[in-house]
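The values are calculated or read from the model by the stated rules, or taken from the named source; none is laboratory data. All values derive from a computational prediction rather than experimental measurement. Neighbour counts run over all protein chains shown; Cβ positions are idealised from the backbone, glycine included. Note: areas computed on protein heavy atoms with side chains; ligands, DNA, RNA excluded. Shrake-Rupley method; radii C 1.70, N 1.55, O 1.52, S 1.80 Å.
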Amino acid sequence: MMVEPTDAGNAGPSEDELARAIARLLSGPTPGVLLGPGDDAALVETGPGLGLLTADTLVEGLDFELHRPARDVGYKAIVVNVSDVAAMGGSPRFATVSLVLPSTVHVPWVMELYGGMLEACKEHACTIVGGDLSRGTEVVISVALTGEVSPGRVLSRRGARPGDRVVVTGSLGAAAGGLALLRADEQVLRAAAGTGWEHDLSQALDRPVARVGEGQTLAQHGATAMIDVSDGFLLDLSRLCEASAVGARVHLDAVPVHPSVVELSRVAEVEPLDLALSGGDDYELLATIPGDRFEQASEAMDGRFGTTLHDIGEVVGGSGLVGVDARGERPLQPKGWDHFA
Ligand SMILES: [Mg+2]
C-alpha cells in the first residue's frame, strides 16, 4: 500500500491521537518486556550477556525522501541499527523510536512507517518499547537500540593486526546503484524498467539486510576487528584501520561488486567498482581475521546462512589504504558518504 505522507488541506493529528495509534500498534505482551510503552520508561529484563547500545537518525531530504514508501523507510530505520549491533558480534533486543513530524504528516503514513519498523523487528527478534513524538519542519526518525553480546565474543574496530586478512560478507555497491537509479534520467529508467537488476538495486537500497548471524560467526571463528559497511567500504575500512592503528592492502579484482551494478553500468554512467568501494548503505560486515581461520569461518557462514565471505586483502603495518591490481599498486582515498559534506 502506498500512503501519501501529507495532506496540505488538513491540520495534522494531535500528539495524543498519534501516540494512541502508535500504542495500539505496539500493544501486547512481549518476552523480556515487563512494562512497555505508556509509562515513564520501559522496564525490560537484561540478559546474561554484555549490553550494547546504539542509535541512528534518518533525516528527510538527507537520508530518505518523503515520497518513498513509508514502510520501507521504517524497515530501514530499524535495520541500520541492527547492523551496528551485528557489527559488534551481538544480537538486537529493545528499541526506542523518536519521531519529529511536521503537522502536515498524517496518521496513515506514520502507521505505515511503524508497520515497516515492526516488520524489521520481527525478523530480528527485537521489540520497540517506547519513544517520543515532537513537531518540526522535517521528518526525523531517530532509533536507539540495545543489544546483547557474550563477553568473550565482542568485536570492536580495534584489534586488527598486520598479517590478518581483510574480509567482507555478501556483495557491495547495490544500494548505491539503487540510489543512482532514483536519480537517473528517462533513458536509463526506460532501459531498467521491469528488469531483475532494477529490482535488485532498489531492494538493496530500500530493504537492506543486517548480517546478525554472520557477525556472530565471525566472532566465533577468531575475527579480530569488525565494522558494518554503512558509509562506504573504503571509508569504513579506513575507520577500522585507524582504530586498530594499522593500514590495509585491498585486492581490487577481489572486491565483490554486485552483478546488478554491472548491469546498471551498461546503460548508465556509473563505474561499478567505484560504487562498490565508496557507495555506502551496503550493511555488509567488514572484518579482519587471521589467515589460518578464514576457511573455517567462510564455510560456517556459507553453511549456516548461505552468505559468501570474501577475502579481499590484508592488514599491514603503518597506516592508509593501498589498492592492488594487475596495473600495480596505488593509494586509495577513503571516500564515502559524509553527512556533513
Ligand atoms: Mg556502524
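The table below gives the values:
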quantity	calculated
From phi via Karplus (6.51, -1.76, 1.60), per-residue ³J(HN,Hα) for segment 243-260 in Hz, x at Gly/Pro	5, 8, 6, 9, x, 8, 10, 10, 7, 4, 6, 9, 5, x, 6, 4, x, 5
Nearest-0.05 FRET efficiency for Arg239 and His67, computed from C-beta distance (R0 45 Å)	0.90
Sequence-separation-based contact order of the chain, relative, with Cα cut under 8 Å and 6+ spacing, percent	21 percent
Of all accessible heavy-atom area on the chain, the percent that carbon and sulfur account for (1.4 Å)	50 percent
The chain - mean residue ellipticity at 222 nm from DSSP helices (-39,500 (n - 2.57) per run, n ≥ 4, rounded to 500)	-11000 deg cm²/dmol
Spacing of the two label points (7 Å from each Cα toward its C-beta) at Ala41 and Arg135, in nm	2.9 nm
Angle in degrees between helix 107-123 and the longest Cα principal axis of the chain, rounded to the nearest 10	40 degrees
The chain: most fluctuating residue of Thr57, Thr224, Thr127 per GNM, C-alpha cutoff 10 Å	Thr57
Gain on full stretching of the segment that runs from Arg20 to Gln203 - 0.36 nm per residue minus C-alpha separation	62.7 nm
Largest-first principal axis extents of the Cα set of segment 1-116 (Å)	52, 30, 23
Highest-MSF residue in the chain out of Glu60, Glu45, Glu271 [GNM, Cα springs under 10 Å]	Glu45
Once exposed loop trypsin sites (Lys or Arg not before Pro) are cut out (DSSP; at most 10 other Cβ, 10 Å), longest piece of the chain	1-182
Under 14 Å, Cβ to Cβ, from Leu264 - net charge with Lys/Arg +1 and Asp/Glu -1	-4
Column: log10 I(q)/I(0), Debye, Cα scatterers of segment 89-158, q = 0.16, 0.19, 0.21 Å⁻¹	-0.65, -0.81, -0.91
Largest-first ordering by accessible area, 1.4 Å probe, given options Asp231, Asp40, Asp292	Asp40, Asp292, Asp231
Taking the C-alpha atoms of segment 95-253, convex hull volume expressed per residue in Å³	182 Å³
Charge tally in the Cβ shell below 15 Å around Glu123, where Lys, Arg are +1 and Asp, Glu are -1, Glu123 excluded	+2
Segment 199-341, Rg to Rh (Cα coordinates; Rh as Kirkwood inverse mean 1/r)	0.95
His199, His251, ranked by accessible area, largest first (probe 1.4 Å)	His199, His251
In nm, spacing of pseudo-spin labels at Thr30 and Val322 (7 Å Cα→C-beta vector)	4.9 nm
Along each principal axis, Cα extent of the chain, largest first, Å	62, 56, 36
GluC sites (Glu not before Pro) lying in DSSP loop within segment 91-145, provided at most 13 other Cβ fall within 10 Å	Glu138
Where labels lie 7 Å past Cα in the beta-carbon direction, separation of Ala125 and Leu182 in nm	3.2 nm
GNM flexibility winner over the chain from Ala120, Ala192, Ala160 (Cα, springs under 10 Å)	Ala192
Accessible area per residue in Å² at 1.4 Å probe, computed on segment 57-190	38 Å²
Environment charge of Leu52, counting only residues whose C-beta is closer than 9 Å and scoring Lys/Arg +1, Asp/Glu -1	-1
